[in-house]
Every structure is written in C-alpha cells, then in structure tokens.
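Participant: Below is the structure I would like to discuss, written out as structure tokens.
The values are calculated or read from the model by the stated rules, or taken from the named source; none is laboratory data. Since this is a predicted model, take the numbers as computed values, not measurements. All Cβ positions, glycine included, derive from the backbone under ideal geometry; neighbour counts span all protein chains shown.
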C-alpha cells in the first residue's frame, strides 16, 4: 500500500472542499519559521512520518510564535523516532476544539464494497472506544456505482443523534471524503480526529490516505516513489529492486531486506522464494535449521529469465551471506527453466562461491534442474537442484550440510563491470537490455545452435551468420523474451559470441559503496 | 462432479494473442477444455493453436457461442473492461488471471457480476481444474504436467496461494486421493469466489465428499467459512492450513481496518475459529493426505 503523509492527504481533502487547519509542510527549521511568521498565530508542529501516536513519541510540539517554532523545529529535525528520522514537519494553526469525531474508509472484503465508518467519539484510543461502545460506531457500506449520496450521509448523521448546522456540515464532509477516496483509489482513509471547533465548524485535524498499490500507475500526480508498504523507509537496495519491477510486469519481483549489516560470524543466507504461500513454507524450513535470512524475495507469476537474473544479482549484493536458498511451492505452474537460466547467468557473473540449493519444482522442472547441473559446473560454488518430490525441509537440510562442509566461505560482493563498448558488434535492443553478437566468431561455429535455442524463434541465418528474423522494434517491444537460451548455448557449447546486457540502474554505485565500506 | 466447468463448457480466451494467452490456450486445449474462440481487439480473423480469434466477445458468441466461460489474460489495467465486455455479452463465469488489478476495478466488476448473475474467480488467480475434464487459466502450466498432478476424485481443494493449490493437489494425487474441483481463489483481498463461496458450491456438489482449504492471514474469508459450518451450511469434513503464522502483525492498514475486522484476520483468530467448529487444522501441508485418508476411512 502506498501511504501518503498527513500533509499530502490534507492537500487532497482541501482540494475537495473539506476544511483543514491552515498550514504548510516544512523541510528545514527556517521554513518552519517562515510559515509560522506568515500565519502570525500560535502553531502546532507535527512530524510527518508513518506512525501513529506521534504526541507520545515527542513528534508533536506547540509554539506561540515564529521564534519558538523555529527552536522547536531544530529539536525535531533529525530526531530518530522508531524506524524513522524526522525530515518533514507540518506547521499548522491550533484549532479550538470542542469535540472530536472519527471518520474512516476501508474496503470490506466480505461485502465487496467500500465501507465508511463514522463515530461521534474520536481521537486517541479509537479502537478501544469501538470495542467498548460498538453502538457508537456507524458502518456505511457504499454502492460502488452510486457513491455516497448526500441524503444517505444526512440520514447517518441524524441517526448518530446530531442536528442543525452540524448535521449538514458533517454529511457534506462524508460525501466529499468518499469522493476523494474514490478519485484517488484509496484503499483506506482515516480522519482522526475529525474536529468540531468551538465555532461549530468541521475540520479534518489529521488525515491519512493509503493508495492501492495497483492503482498508483494512474496517479502520477501523487508522486509516489515506491508503491509498497514498509514499516521503515526503504533501503537503497530495496529501491533498486523496486525499479526493476516498475517497467517490467512479466511476473512479480518482490524484495526486502531483513538485516542491516550482516556479521561474518552468523549463519545468514540469501533467500529467493517463488509465490507467497510456498515461500513462507520454504522460509520456515530454513529458519528451523537455524539460518537467518538476509532478505526475503519472491519471483513468481512466470517472470522472465532476465527478471530472475536481476533478482539474483540483487540478492548477491549482500556481503557475508553463507548460502543461497531458492524455493517456492515446489509445484509451480510457470515454466521453471526460465528461472534456472536467470540464475545460471547471475551465478556465473558472480563466480559464485557460497553453496546454493535451488528447489525449482513444477512445470518443466527436469529441464530446469538439468540446466542448473550442466551449466554451473565451472564455478567454485556447489549448486544443487531439486524438484517437487523433494520437500523444503530436505532442501534446507542439504543447505545446512553444504554450508557446514566449509564454514569459512562467505559471499564477497564484486563490482559490477560495465562491458567494454561493443559498438562494432551486431546488436539489437530487448525490452530491458541489449543483445550483442560477435559475428567475427560465427563462421567457426559448427552447430549454429543459437537459432534453435531461441525459444521465441526470432533468429535466422543470413549467410551463415545469426541475425534477427523480426524487426528491431518488434524485438525491443518483447518479441525477444529475454529467455537467455541463446547466450547460454553459445557460451557453453560454441564460441562464446553472444552477450546479453541487462542493466540494473543504481546497482553498480551501490556495490562500489559496499566494497569501499568493507 | 465438476462444480464450475466440464469438458463441454464453451470457453473463450480474452487476450489470446498475448504472452500468457497463447501458451495457456495450448494448455487448456491439450487438457481437453472446449476452447471455442479467442478475442484480441484488432487481431480478428487470425488463429492461435487452431482457435479462431475475433475482435469482440459479442462476435465470438455469435460465431462460436453461446459462451459459458471467459478466461482473461489481458494486462491488469484492461481487465475491468474485458470483464465488463464478457458480462455484457452474456458470459456467466469469468476467470481473471492477471495480477495487479486495481481494487476499485475489482469492486466494479463484482457489482456488475452480481447484477447479471455472473460468477468470477480471481483476479490474480492461476485458475481452476475439473480433473480429467477441463482446465481454466494457467494452473499446471502445460497439459502434460496438469494431467500428471491432478486426478479425478472426491476431494475439493480451495486455496488462496497459487503454487500451493497445485502442491496440495499433487500430494493428494500421489497418495491415491483424487480431486473433484481444484480452485485457486486468488491472492488479492477482494476476489470473486472466496473460500466461503467455494465451500457453498462444494456443499451442493454430490461429487465432493470433503474439502481442503489453504488459507492465509488477512481478510475474513476463513472466519466466514467457520460461520457457514456453524450455521450447518457446510457440513462436509474440512481440512485447513493457514499460512502466514510467522508474518509480522502490523500489516494493519489503519485503525479503521482494525475497527471493522476486530481481531479477525490474524493467524490466531482464524485457527481458533476453525478449530472451534470442528475443522481439522494442520500445522504442515504434508499432514493433509494422511488426515484425508483417515477421514475417508470413517
């Protein structure tokens, strides 16, 4: 879920005609001062982080004037609060609060509709209030086609026991709140407290919208960098991984780190799952053996070999891991040889030394296991491939045995070497990379096996030299499926004339930094 | 008995000329599914693995229909339109394979489906199988695998995890226990046929004697299955596994979410509730075939 900060959420409410306290977001103490000065009244400073209960954490301060505001801001900026560091502060007028209500929206999976929630009792401790006074909480299922009509909102507020100007203001607020949620594909919204001021006006004193990850693509105006929910700011490596996913929707690639710096003495491994259910089971199996996970990763939904390659390169950007464990449900419907080829390419480039146990069970598992066995003979690492009849527990045991054989081996992160400019070679662009042929070597090739190896059948021989059989535009758009079969065939069976470059933006710099720091 | 599809059901594949569409049409055909047409706007007149391609679902219905099922393989952002088109043309069962379909799109599809007496599975589903009769979607990957992993019998399988749908069915097959219908209900929070709705179908199906359910944390699907059992609306033996035990709580969206769900949605609440009503909750997938055999013995 892509969460918006309070100040961003309030902007959307304000745009829709809902009253929010006067104020603005600041990124420096000087900006805080300017805003407070401009407002010319007592202000409240609120840290902008994805946490609730901010006041208790020291994230809310009051100031009578611009100078006090700046002083308070200097204390707040840079302060560490749980997993976050304060780098944004919302400076707002103080409201004269008479009472606090609660309004929220969620998607109800059992009714299959949005559900608006309203209570005339709001503020902190709302969950306990809901538990102790359930009849004070009103749930309003919303018809996705009709939306929330004004009269429906009025009837709810009337049933809450309110009347007069308050009735019309609150019902107006609810209808507008739903419109904002619908417009921005918010899968949850919370306004707590919804304040009734001493002047009987209705203000959204705090607000949080969470945008549906899968709808972020249609809201570029929201400037959401990463459409994933983290309980801490994403790491540099996670950002790099997310951007692999951004333009390439062939299968999923989900990656997050589970450790900071990995100590050399501990049994950390790189984890590469496939499919949520199976990955969790596989995680349990290795955790049971006393391993610790450096990361969680999931490549499933029939990803391209190139995506699995990138996932492996990212996992292998973590120093000091002692092993590599790849396992999903064991009975995957996707063609498993793509994942196998992706790993072959990555493990070769890394000249992998740590042991790897790869459970690629399912559709075409025999071919996948054969690919691993055939093409990983030349690297230092011991790599074992398993299938659907081998349990995750058995595979975890194998990894335990392999890492036990030589406990001194740890993964050393190597720099990404950008290839020499290959401008004189024949090449074509693929969806996410470039494929080069060293045609000077091709006349000596006996089998011309790349033509047959190409699963998309897009190569042909022209005067005994392999070239594209489709247009470069078609290849780039996806006719070349980045299956890596031609490169692997040529490298291991013929003249090593094919080279596929699959860049991972940011990874070179990331690895250089890791290497420099160690 | 197959609850949703059999070898005679006429199936249309929307997005047939795409990457998945082509490969899985081959899977479905080779398995024995009656794929009568495909639809890709602009590619009408062509053929994919011998299946005629049309420009619209309405045209496919006119020329090759009436159509019972549509399996949809189009990009996520286009799934809503494809689904509404199929519903409008008169199709009564949809299988939405793509992942990443926006949640409000799913809510609209659900509304339209309800108004038209249409059922849908997914989104984000591998699909479903009536072993020996038909495959809808991509489950099994290719016909040879599907024929090996799934075998006709009387155990209904319903799962929220794709890979585990096949895994559970495969392990049952290996133990000599066949399946009546296998459904991946999908990984998203809002889906067409959810666990409780599948259980209702299994209840009515004379060919299903017991069911196996793979559940997960989040949503209220498993608790609602327990409610059904309590109300005697599902009376057959049920074996369940709930995934996500070790997952961190804190994947709560908000106070609002907590208010609506209460304590439902957690691993503990699901396991407790299911055990309360007599469901056999297992700690390991490998226990399922053994317990199923015991239950059959009775």
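Participant: From A:147, A:122, grab the single residue that is crowded, with 19+ Cβ neighbours inside 10 Å and more than 9 Å from every other protein chain (Cβ to nearest Cβ).
Facilitator: Values: A:147 fails: crowded, with 19+ Cβ neighbours inside 10 Å.
The conditions single out A:122.
Participant: Can you give me the ranges of the strands (runs of 3 or more DSSP E) entirely in the stretch A:64-161 with at least 1 residues that are under 26 Å from residue A:5 (Cβ atoms)? Explain how you work it out, then say what you get.
Facilitator: Numbers: elements: A:89-93, A:97-108, A:113-119, A:137-141.
The qualifying strands (runs of 3 or more DSSP E) are A:89-93, A:97-108, A:113-119.
Participant: Output yes when any residue across the stretch B:210-226 is at pLDDT 90 or above, within 11 Å of chain A (Cβ to nearest Cβ), more than 18 Å from residue B:191 (Cα to Cα) and surrounded by fewer than 22 Cβ atoms within 10 Å (Cβ to Cβ), and no when none is.
Facilitator: no
Participant: Could you please let me know if residue B:50 is buried (at least 22 other Cβ atoms within 10 Å of the Cβ), farther than 16 Å from residue B:146 by Cα and modelled with pLDDT of 95 or more?
Facilitator: no
Participant: Still on this structure: Cβ contacts < 9 Å: first residue on the phi > 0 side of the Ramachandran plot, restricted to the stretch A:248-272; second residue part of a loop (DSSP other than H, G, I, E, B), any location; separation 6+ or different chain. Result?
Facilitator: Going by the 9 Å Cβ cut-off, the qualifying pairs are A:251/A:301; A:251/A:302; A:251/A:303; A:251/A:304; A:251/A:334; A:251/B:99.
Participant: Residue under question is residue A:296, and the condition is that it be surrounded by 21 or more Cβ atoms within 10 Å (Cβ to Cβ) and more than 10 Å from chain B (Cβ to nearest Cβ); does it hold?
Facilitator: So residue A:296 does not fit the description; no.
Participant: For the stretch A:91-102, check the following and say yes or no: at least one residue is within 30 Å of residue B:191 (Cβ to Cβ) and assigned by TED's automatic domain parsing to the domain that holds residue A:216.
Facilitator: Step one: filter the stretch A:91-102 for residues within 30 Å of residue B:191 (Cβ to Cβ), giving A:102.
Then drop every residue that is not assigned by TED's automatic domain parsing to the domain that holds residue A:216, which leaves A:102.
Yes, that holds for at least one residue.
Participant: Within the stretch A:258-282, can you find the residues that are within 19 Å of the chain's Cα centre (by Cα) and either crowded, with 17+ Cβ neighbours inside 10 Å or outside any loop (DSSP other than H, G, I, E, B) (or both)?
Facilitator: Within the stretch A:258-282, A:270, A:271, A:272, A:273, A:274, A:275, A:276, A:277, A:279, A:280 qualify.
Participant: Quick check: anything in the stretch B:253-260 at pLDDT below 95, part of a loop (DSSP other than H, G, I, E, B) and within 12 Å of another protein chain (Cβ to nearest Cβ)?
Facilitator: Scanning the stretch B:253-260, I find at least one residue that is at pLDDT below 95, part of a loop (DSSP other than H, G, I, E, B) and within 12 Å of another protein chain (Cβ to nearest Cβ), so the answer is yes.
Participant: Can you tell me which residues in the stretch A:336-358 are within 14 Å of another protein chain (Cβ to nearest Cβ) and either modelled with pLDDT under 95 or outside any loop (DSSP other than H, G, I, E, B) (or both)?
Facilitator: Within the stretch A:336-358, A:337, A:338, A:339 qualify.
Participant: Could you check the stretch A:359-385 and list, in sequence order, the residues that are touching a residue at least 24 places away in the same chain (Cβ under 8 Å) and within 14 Å of another protein chain (Cβ to nearest Cβ)? Spell out how you get there, then give the answer.
Facilitator: Step one: filter the stretch A:359-385 for residues touching a residue at least 24 places away in the same chain (Cβ under 8 Å), giving A:359-365, A:367-369, A:371-372, A:374-376, A:378-385.
The answer is A:359, A:360, A:361, A:362, A:363, A:364, A:365, A:367, A:368.
Participant: Name the residues in the stretch A:53-73 that are surrounded by fewer than 19 Cβ atoms within 10 Å (Cβ to Cβ) and either under 20 Å from residue A:11 (Cβ atoms) or in contact with a strand residue (DSSP E or B) (Cβ under 6 Å, 6 or more places away or on another chain) (or both), would you?
Facilitator: Answer for the stretch A:53-73, where residues must be surrounded by fewer than 19 Cβ atoms within 10 Å (Cβ to Cβ) and either under 20 Å from residue A:11 (Cβ atoms) or in contact with a strand residue (DSSP E or B) (Cβ under 6 Å, 6 or more places away or on another chain) (or both): A:54, A:57, A:60, A:62.
Participant: Going by the conditions given, is residue B:240 in the same structural domain as residue B:276 (by TED's automatic domain parsing), closer than 26 Å to residue B:99 by Cβ and assigned to a strand (DSSP E or B)?
Facilitator: Numbers: in the same structural domain as residue B:276 (by TED's automatic domain parsing): yes; closer than 26 Å to residue B:99 by Cβ: yes; assigned to a strand (DSSP E or B): yes.
Yes: the conditions hold for residue B:240.
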